[in-house]
Amino acid sequence: MNESVSWLAWWVHADGVVKGIFLLLIALSIGGWTIILHKWNRFQGALKRERRIRHALDAGEPVVSSEALLGACLPDTRTGAALGEARIAVAVREERIELESGLTFLASIGVSTPFIGLLGTVWGIMHALSGLGHGSALSLDLVAGPVAEALVATAAGLFAAIPAAVGYNMLVRRLRRLMTLAEGNLLRLTALRAGDGRGHLA
């Protein structure tokens, strides 16, 4: 019990600036994890669709519009109308833009949070030096609280930045793989339709 209280003692003595920085970093960390998990699930689902389409095209089977390239975002999928390759290409580019949404914010979290944590660190050290300036004698208790604030701010910044940076790199690689597969499917579809007419959108 005493150990848990000592871990939280820095919060009791922290000023509003350090508390605000800490809460901001926690919010950014939660936002980063939300983007990572949401985008990862989205990319996985799109990759499964593209692989299914690739196997169908390689086998010369028709690709129905409900399973078209990145099909959830293609127009006219419910009506069953045939879509030209140009419209499919446009839909793929539009879907890529939609899939990329949120990645810039995730990259910003990875880049900015260490500096936000550093701000809390500097502020905590300034708080400690201010306490020393007004104290009559050097005391460990006098500087322990502000130093703890500084260390917690640093740790919170790294806790938010590291997963965001790693997650961003993983998602970018996954997106590149997805778009390469989608573009390959588009080329397969174009070749099949220009040849014997197979691979049409039913």
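Observations, loosely collected:
- The label-point distance for R54 and R176, in a model that sets each label 7 Å from Cα toward Cβ, rounds to 1.6 nm.
- With all protein chains modelled, accessible area of F22 [1.4 Å, Å²]: 50 Å²
- If R0 equals 41 Å, the separation of the Cβ atoms of V90 and V17 corresponds to a calculated FRET efficiency of about 0.25.
- Candidate residues T34, T190: accessible-area rank, largest first, probe 1.4 Å: T34, T190
- Label-zone membership for segment 16-36, site S130, 7 angstrom Cα→C-beta point, backbone N under 14 Å: 16-20
- Take the Cα of V166, go 7 Å toward its beta carbon, and the backbone nitrogen atoms of segment 98-114 under 20 Å from that spot belong to 103-114.
The values are calculated or read from the model by the stated rules, or taken from the named source; none is laboratory data. Note that this is a predicted model, so its numbers are computed, not measured. So basically every Cβ, Gly included, is an ideal-geometry build from the backbone, and we count neighbours across all protein chains shown. Just the protein is used for accessible areas: all its heavy atoms, side chains included, with ligands, DNA and RNA removed. Shrake-Rupley method; radii C 1.70, N 1.55, O 1.52, S 1.80 Å.
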